[in-house]
There are 6 protein chains.
Amino acid sequence: MPRDTKMSKVGSNVTLINVMKLPGLNTLGISLARIDYAPLGENPPHTHPRATEILTVLEGTLYVGFVTSNTDNKLFSKVLNKGDVFVFPQGLIHFQFNPNSYKPAVAIAALSSQNPGAITIANAVFGSKPMISDDVLAKAFQVEKNTVDWLQAQFWADNHN
Amino acid sequence: MPRDTKMSKVGSNVTLINVMKLPGLNTLGISLARIDYAPLGENPPHTHPRATEILTVLEGTLYVGFVTSNTDNKLFSKVLNKGDVFVFPQGLIHFQFNPNSYKPAVAIAALSSQNPGAITIANAVFGSKPMISDDVLAKAFQVEKNTVDWLQAQFWADNHN
Amino acid sequence: MPRDTKMSKVGSNVTLINVMKLPGLNTLGISLARIDYAPLGENPPHTHPRATEILTVLEGTLYVGFVTSNTDNKLFSKVLNKGDVFVFPQGLIHFQFNPNSYKPAVAIAALSSQNPGAITIANAVFGSKPMISDDVLAKAFQVEKNTVDWLQAQFWADNHN
Amino acid sequence: MPRDTKMSKVGSNVTLINVMKLPGLNTLGISLARIDYAPLGENPPHTHPRATEILTVLEGTLYVGFVTSNTDNKLFSKVLNKGDVFVFPQGLIHFQFNPNSYKPAVAIAALSSQNPGAITIANAVFGSKPMISDDVLAKAFQVEKNTVDWLQAQFWADNHN
Amino acid sequence: MPRDTKMSKVGSNVTLINVMKLPGLNTLGISLARIDYAPLGENPPHTHPRATEILTVLEGTLYVGFVTSNTDNKLFSKVLNKGDVFVFPQGLIHFQFNPNSYKPAVAIAALSSQNPGAITIANAVFGSKPMISDDVLAKAFQVEKNTVDWLQAQFWADNHN
Amino acid sequence: MPRDTKMSKVGSNVTLINVMKLPGLNTLGISLARIDYAPLGENPPHTHPRATEILTVLEGTLYVGFVTSNTDNKLFSKVLNKGDVFVFPQGLIHFQFNPNSYKPAVAIAALSSQNPGAITIANAVFGSKPMISDDVLAKAFQVEKNTVDWLQAQFWADNHN
């Protein structure tokens, strides 16, 4: 059954699938997530500090990609249909986007750690608690400080309400 | 001797120190970098996919910090002076900023891998080659698409000229 | 599209899904397989020497299980339906069986190694080339030597024709 | 002094040698076993999920072997005399058999883990508690269900009395 | 500020720098030490069982080296000045010596483990509690037993007063 | 058959047992050595940078021990007879000595690495090529420089003739 994606501003819902818990299995080295995408919904740019990910599309279409590290910053991207598979290497920034305006999409992600971690870039950078100094972010993103302040207000509210 | 920080828009210069190369040492598990900061210069938000980092301030003052992963996004930050030490855990987004308008700063970073990798967030997100679709980034950062386009133009030029 | 299961005596077809090959990805630490089961087909008892496995049922119903190591030999088993998930810990003997006489089943298996290995118990024990001495197997399985000889003839033919 | 092998249906006795326990040694990465074999006794086909094994013959003669994984199922075997050494790679099915009708044999096994685990194939497959469905095993071993039932009755009694 | 080196017979003072303690950081994989050397002081031959080390000279001059394992026993050594860097591979015997009769020296050492361990050779061999039999040490170092006894008396007093 | 111990000044002979070489076994994670001891012979103080060791006495009697790291330098030692077992933790200095004036001894050592390495302390410290400065060693061992020079002459000749 599809998960609700209406509560999410970016239009996606990540469910860590509830695997059977067994005594002694605390070092499995693997985990699994189901991701539901609303029409035009996305799983925004993020990283997993401790896992490589393999994504399989179960329903619909997804535009996916990841960016390599300094100083290449090369984007590998692809449009995936049902049954297609894609790999996101450990620690690299990656995303999935449902380009269809009418139909939802569903994918299964397998991760090479029982504790992969996840860092959503926009939330960590602009929505941390307390906030990162806007001097730091204005220079890093080469925008005005009041642009940073506006972004921080928005993401801080998202994360901490 | 201080390294040149004038070529950098963000006002910093990272030098991987030239360690003695010996046959058979290709699996050291450690590396070292020297970082020079101009007045008000910074090492902007970035991650190392494969290393924890210990930073020691050799000269000047630094405001440093890192943000924890979802869904806490908690910022740990501190102002460091000469001789102070700080730890950035593997894979988390972190930064250093020189808050002094007149004096430069210098730090030594030890990293727990001979191949730590580095992803500068703004460059990877907005400066990838080819660019990430602005639909994806507008929704992720909750800004207008023309704001994304402007940022992409700027960072793309930085990375690929 | 369903894979052909008619060529298999046990009624299953394991396909290592063709993930995108990229330079430098040779240490992914993860792999993926699609398994098709005929009605009453099975993936017979086997082990993966180097991987834990997470199985997700995409279509149909599966009776699955694994047995713990000496001296407990405890069976953990379950009947799974579409969307259900099950974990097989590294190195333990496990199986999947489609109990439905009319409908096929399909599952996706994620494995915590890019090179998990697989040992099908009956084939390795009775179908090795050259054969294991029937003295050894008769005592191990507590059957007559001519029973062992008959099993070896059968599996040897399967494996090596 | 020789260990008793009369209580064992397969004619062997595996003793985990009692290593000196020291505070802080709980992550040794190695363990040791002494194995006594009656005349015509054997250590039946089994695997260690977490260890490679090196076997040294201390007394007598042993026919030993292991089988490689799918789809080769190649048997590497050898007759070993006093002082001879053999390697069983991690996770592969292996055995030792004393082919002498009159003399016992003794061996020392070093294992590359402080917790190697052991799965005796016949016991795990036919003697699990509860039993694996005989539908599964009949198809896997390509025998009649009543043959499976008879084997299960026998091994279940061995394991669980 | 310089650390006191007067209490040390060998003229050095190793300070494990007090890194910020954070919940969950107990598996950092890295640590840091500051070492102060008196004029003609030294950090005598020692090993780290669980870490490679990178040394950076902050002040003064150091003659440093390490010896490879059997049967080469090759010495790699170098005179380092301020800013120079040197690598000591995991488990190998190494040392640093300040050859200047008037000026102290200071270095920072980064180690590839949060628990690197340290074994000072002379103290472990001659100053253990209880003492190693002088038969063993006389033969190992090819000296008279009363020479061993004299060394043991001296180091035992150092270690255990 | 016993190995020759007459060529050795310390009265021992370490033989890396010739394990069966197989394609693909280059990451075994384990190795094995046979050690022969002359009457009053010894395997002098040494470390293995990359392995824990389990020793089993096959013939005779051995006085064995290891010393813990700084700053305890605690000696754990024991007299072992035929069949006794002892553990030497990774990286710690350890030795074996045959206290019997008439009978030889034999032991088997299992090591938790296919490439354990070995550093004989006296040879590495006093017999390196080129030699370590006698200033360094005189201060480290708190002896006169001419004592160091005499030891170096002796061990250098042993190692490099």
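Before moving on, here are some points about what is shown:
- Here A:T120 clears all of (1) within 10 Å of another protein chain (Cβ to nearest Cβ); (2) over 16 Å from the mean Cα position of the chain (by Cα); (3) β-branched (V, I, T); (4) open to solvent by 20 Å² or more (accessible area, probe 1.4 Å) except the condition numbered (2).
- Lone unmet requirement of (1) within 9 Å of another protein chain (Cβ to nearest Cβ); (2) open to solvent by 10 Å² or more (accessible area, probe 1.4 Å) for B:F95: (2)
- Verdict on A:D149 being away from chain C (no Cβ under 14 Å), charged (D, E, K, R) and surrounded by fewer than 17 Cβ atoms within 10 Å (Cβ to Cβ): yes
- D:K6 vs. criteria more than 10 Å from chain C (Cβ to nearest Cβ), touching a Pro at 6+ places or on another chain (Cβ under 7 Å) and not in a strand (DSSP E or B): no
- In region D:66-78, the condition of being closer than 19 Å to C:N123 by Cβ and among the charged types (D, E, K, R) is met by at least one residue.
- Looking only at region B:145-161, and only at residues there that are more than 16 Å from A:V148 (Cβ to Cβ) and not polar (S, T, N, Q), the one that is modelled with the lowest pLDDT: B:H160
- Residues satisfying the stated conditions in region E:95-134, i.e. within 20 Å of F:I119 (Cα to Cα) and free of Cβ contacts under 8 Å to residues at least 40 places away in the same chain: E:N123, E:A124, E:V125, E:F126, E:G127, E:S128, E:I132
- One residue from E:A33, E:A51, E:A107 being small (G, A, S), crowded, with 22+ Cβ neighbours inside 10 Å and either at positive phi or not in a loop (DSSP other than H, G, I, E, B) (or both): E:A107
- Test result for E:V85, more than 22 Å from B:A107 (Cβ to Cβ), over 15 Å from the mean Cα position of the chain (by Cα) and among the aliphatic types (A, V, I, L, M): no
- Residue satisfying all of: in region E:123-133; in a helix (DSSP H, G or I) and over 16 Å from E:S12 (Cβ atoms); farthest from the other protein chains (Cβ to nearest Cβ) among these: E:F126
- Top-ranked residue of region B:54-73 - restricted to ones that are open to solvent by 10 Å² or more (accessible area, probe 1.4 Å) and of a type outside the set (V, I, T), ranked as farthest from the other protein chains (Cβ to nearest Cβ): B:G60
- The sole residue among D:S113, D:S101 that is among the small types (G, A, S), open to solvent by 30 Å² or more (accessible area, probe 1.4 Å) and outside any strand (DSSP E or B) is D:S101.
- Every residue from region B:123-138 that is open to solvent by less than 20 Å² (accessible area, probe 1.4 Å) and in contact with a Pro (Cβ under 8 Å, 6 or more places away or on another chain): B:V125, B:I132, B:V136, B:L137
- Of residues in region D:98-115 being touching a strand residue (DSSP E or B) at 6+ places or on another chain (Cβ under 6 Å) and over 14 Å from D:N43 (Cβ atoms), the one nearest to the other protein chains (Cβ to nearest Cβ): D:A110
- Filtering region E:134-161 to residues that are part of a loop (DSSP other than H, G, I, E, B), under 25 Å from F:S12 (Cβ atoms) and not β-branched (V, I, T) leaves E:Q142, E:E144.
- Among residues of region C:1-15, those that are β-branched (V, I, T) and open to solvent by 30 Å² or more (accessible area, probe 1.4 Å), counted: 2
- Of all the residues in region E:81-134, those that are of a type in the set (D, E) and farther than 27 Å from B:V87 by Cα number 1.
- Selected residue [modelled with pLDDT under 95, farther than 30 Å from F:P89 by Cβ and in a strand (DSSP E or B)] from D:F76, D:F86: D:F76
- Among the candidates E:F88, E:F76, E:F141, residue that is facing chain F (nearest Cβ under 10 Å) and surrounded by 23 or more Cβ atoms within 10 Å (Cβ to Cβ): E:F141
- Screening A:T61, A:T71, A:T52 for residues that are out of contact with any His (no Cβ under 9 Å at 6 or more places or on another chain) and free of Cβ contacts under 8 Å to residues at least 12 places away in the same chain leaves exactly one candidate, A:T71.
The values are calculated or read from the model by the stated rules, or taken from the named source; none is laboratory data. No experiment lies behind these values; they were computed from the predicted model shown. Quick reminder, even Gly has a Cβ in these numbers, built from the backbone with ideal geometry, and neighbours come from all protein chains shown. Surface areas here come from the heavy atoms of the whole protein model, side chains and all, with no ligands, DNA or RNA. Shrake-Rupley method; radii C 1.70, N 1.55, O 1.52, S 1.80 Å.
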